[in-house]
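Novice: Dropping the structure in here first, questions after.
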Amino acid sequence: MQRRKFLSLGAAAAAVVSVLPSSLTATDFRTTAPKAWEAPTSKEAIEALFGSSAATEGKIEIKAPKLAENGGAVPIGIKSSIPLTTIAIFQDANPRSAVAVFEMGDNGVMDMMTKIKMRKTAEVTIVGKGKDGKLYSAAQKVEVSIGGCGG
């Protein structure tokens, strides 16, 4: 019985490996847009990364706590109803505003969760570039407890 289980797991692993793409690529945004990573405000970082800070609201949804008890791990949920090619997270709580940039696959409609670090209360902004080339955004203020102890 052990041999059959081993062979079936091996066959399943071989099937998964054969389905994976032969090459993966990603843009190094720290190299292609270095000023975005040095910008102290979200507006400046968005302009450095996307070329403009003008974005339409309503196509991207942000889900974040109104009060984060631990500024070291603030949960941020991002959901989009439209196909996106790139999505970025910005916040004005730290000396540098840009947090992360994600490139989406062919089906860029997304629903994801991540955690970010925030030193103090600030607005978190999500900006996504649609397949149509337009920018879409959502923002929410997140209050961070002093000392991360909820009070």
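The values are calculated or read from the model by the stated rules, or taken from the named source; none is laboratory data. Quick caveat, the model's predicted, so the values are computed rather than measured. The accessibility values were calculated without ligands, DNA or RNA, using every heavy atom of the protein model including side chains. Shrake-Rupley method; radii C 1.70, N 1.55, O 1.52, S 1.80 Å.
Novice: What's the center-to-center distance, using Cα atoms, between the range 69-83 and the range 84-105 in Å?
Specialist: 11 Å
Novice: While we're here: Which value, in Å² rounded to 10, gives the accessible area of GLU103 with a 1.4 Å probe and all protein chains present?
Specialist: Probe radius 1.4 Å; accessible area of GLU103 about 90 Å².
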